[in-house]
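Have a look at the structure below, then the notes.
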């Protein structure tokens, strides 16, 4: 229970009560007001100084303002306690049964009026929420590119909650990566590029992603990692003025949507969290739709590229020129930085590069792999594609000077390695397809 309203004569009392007792527990015997609300029965005091149900802090406040007698009447709406009506007197006084009955009848009418206002406010909020979600839904329906959808989500989230800062993290390679952000700190946040683990208790975004449940206020602030707290402090933001919700598509977590406010002391309400969660559900479906559309367009583009490359390979009969074409087209197909074709050298007992693309000449002579080592050696020995997302964190991959490697085997003894920032199963499929076309 919290103080809500009062006459001018009790304004000072309410202010002091809010400071000494911000909330009161509801329960029989817990406190005078909590007892009345729980029992749903009136409570009358001739002299407040001797009443055991009044808390020590409450008694001091009442004595400070000179209150002696009191009548506490439950506010009941549809047999449900919604509050307590309190009447004080600065005289020692016994409230009569008629006075208590009159106060009870008035409290019943007041409760119905309060409930009517509450329902009306809820209906208005629900209409505003529905209108906002309908408008945003139409905007999302017209967006098809993933980046366009991401920008739309953060901008509309900021507008819905009246905040200046929102960001989206998406799951990439098992970690949460910032994909888009708004506000004055957006540039720095994007440049930092920090990734977060998806695990309960490790970070705010990682926790929400793992639990699939929103967090806000103090509970959210307690999950912030030190780096995030420092970042907010440098921007002058309140760590508790934050809300974060999961992005769920078909029951699966694909990322998080976070909003924070520059206004110190702001706390997002349950209604605002609910609104953002509803919007996040729509946004997740739009992101999934954009992803599927982009994948379909990529497959169409890749099929066209492979067809063109196949025709070029079919018309090329000179070996050196053919190898050069393969290494160049592999980089083009995968959008990576460089590639190399390896051949087994029986004299050296390992794989040597016979053709490279976009490699420093000083590096070429050092490109040598024993069977079973590195991606080329692994592909040679296993006769199947081998790849790594990050050679520095993959203990099974030998050092080779690139952050990411992939190597599909080529029938006939030759091997190829492709260097890139990030390889997916689809990348490997395309490069293997190219190798099969040339074998």
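The values are calculated or read from the model by the stated rules, or taken from the named source; none is laboratory data. Keep in mind that what you see is a predicted model, and the values were worked out from it rather than measured. Cβ atoms come from the backbone with ideal geometry, glycine included; neighbour counts cover every protein chain shown.
Count of region 301-360 residues, restricted to those that are over 24 Å from residue 383 (Cα atoms), out of contact with any helix residue (DSSP H, G or I) (no Cβ under 9 Å at 6 or more places or on another chain) and assigned to a loop (DSSP other than H, G, I, E, B), is 5.
Among the residues of region 170-178, is there at least one that is closer than 12 Å to residue 253 by Cβ, at pLDDT 85 or above and touching a helix residue (DSSP H, G or I) at 6+ places or on another chain (Cβ under 6 Å)? Yes; the residues of region 170-178 include at least one that is closer than 12 Å to residue 253 by Cβ, at pLDDT 85 or above and touching a helix residue (DSSP H, G or I) at 6+ places or on another chain (Cβ under 6 Å).
I want to confirm something. Restricting to region 58-85 and keeping residues that are assigned to a strand (DSSP E or B) and more than 44 Å from the chain's Cα centre (by Cα), which single residue is surrounded by the most Cβ atoms within 10 Å (Cβ to Cβ)? Checking each candidate, the answer is 73.
Taken together, the criteria place residue 110 among residues that are surrounded by 11 or more Cβ atoms within 10 Å (Cβ to Cβ), in the same structural domain as residue 51 (by TED's automatic domain parsing) and under 46 Å from the mean Cα position of the chain (by Cα). Considered as a group, the residues in region 338-352 that are within 17 Å of residue 373 (Cα to Cα) and without any contact (Cβ under 8 Å) to a residue 40 or more places away in the chain include one that is surrounded by the fewest Cβ atoms within 10 Å (Cβ to Cβ), and that residue is 346.
Screening residue 23 on (1) under 30 Å from residue 119 (Cα atoms); (2) in a loop (DSSP other than H, G, I, E, B); (3) touching a helix residue (DSSP H, G or I) at 6+ places or on another chain (Cβ under 6 Å) shows it passes everything except condition (3).
If you go through region 122-163 and keep only what is assigned to a loop (DSSP other than H, G, I, E, B) and crowded, with 17+ Cβ neighbours inside 10 Å, you end up with 143, 163. Looking at the structure I just gave you, is residue 89 surrounded by fewer than 12 Cβ atoms within 10 Å (Cβ to Cβ) and under 29 Å from residue 62 (Cβ atoms)? It is false that residue 89 is surrounded by fewer than 12 Cβ atoms within 10 Å (Cβ to Cβ) and under 29 Å from residue 62 (Cβ atoms). The test for being touching a residue at least 12 places away in the same chain (Cβ under 8 Å), closer than 30 Å to residue 170 by Cβ and either part of a helix (DSSP H, G or I) or under 37 Å from the mean Cα position of the chain (by Cα) (or both) does not hold for residue 103.
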